[in-house]
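*Asks:* Take this structure, written in structure tokens, and hold onto it; I'll ask about it next.
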Amino acid sequence: MSKKAFTMLELVLVIVVLGILAALAIPRMERDLRQEAADNILSAIRYTQHLALIDDKHKFDDAKWQGHFWAIQFTTSTLATLNNFYTISSDEDDDSNVDKNETALDPVNGKYMYNAGGATTVIDPDESPNIFIGKKYGIDDLNTSGGCQDAKTIGFDHLGRPHVGFLGSTTPDCSSYMKSDCKLTFSFQNNAANSFSIIIKQETGYAYIEGQPDS
């Protein structure tokens with residue numbers, strides 16, 4: 001009685017087909033990771049601007065009023081990619097620090113957009129996992145250029161206009177207006193996916209993913 005088995009040709013064909021499927025799947029996985037990370041950060045920037053528009057912080061009689069802007073602040077660490085995150089807050093107590101009671105609640109899950117651990121990888125139960133872009137996506141670096149050169153904190157005023165360098169301000173003027181379009185470029189650990197950039201327009205604060213103007 002003969003036994004049925006795969007021929008060498010059939011095995012080779014299966015290996016070839018699996019190779020083709022893998023070649024098609026890997027770029028898709030990269031695109032999904034990159035797009036998901038970009039969409040997360042873009043939504044956070046727009047949410048920050050939305051909070052600024054509905055919560056008027058415009059007080060020219062207070063020399064430190066600009067520090068109260070709703071702002072998104074990116075924290076990156078050279079110690080570990082897991083430490084990279086962002087927060088959304090308004091510095092109500094003028095100490096230039098992000099406190100939990102000053103941070104926004106994530107509209108997705110109702111948790112604080114805040115990290116108490118700072119340089120550690122600990123995530124408290126009441127902190128939104130969406131802000132931990134290092135742990136979630138493997139983002140390990142942020143380069144800022146244009147109107148936000150060397151700035152990782154971007155605030156918005158009551159008209160939605162973007163500001164930089166406003167924390168610790170002691171003058172009631174608006175010298176912190178962004179002077180040109182801001183470009184935020186995010187890269188991934190071990191080049192797991194291609195880097196992407198988010199543009200924030202100077203005058204309107206409109207933000208979009210570079211190459212995707214309708215994003």
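*Asks:* Provide 154, 139 in ascending order of the number of other Cβ atoms located within 10 Å of each residue's Cβ, fewest first.
*Replies:* In order of increasing Cβ crowding within 10 Å: 154, 139.
*Asks:* Beyond a 30 Å Cα-Cα separation, which of these cross-linked pairs lie in this structure: 59/135; 59/179; 100/136; 57/135; 59/136?
*Replies:* 59/135; 57/135; 59/136
*Asks:* What's the FRET efficiency of residue 189 with residue 55 using the Cβ-Cβ distance as r and R₀ = 35 Å, to the nearest 0.05?
*Replies:* On the way: r = 35 Å, r/R0 = 1.01.
Rounded to the nearest 0.05, the efficiency is 0.50.
Only the coordinates and a few stated rules stand behind these numbers; no lab work does. All of these numbers come straight from a predicted model, not from anything done at the bench. Glycine gets a Cβ as well: all are built from the backbone with ideal geometry, and neighbour counts include every protein chain shown.
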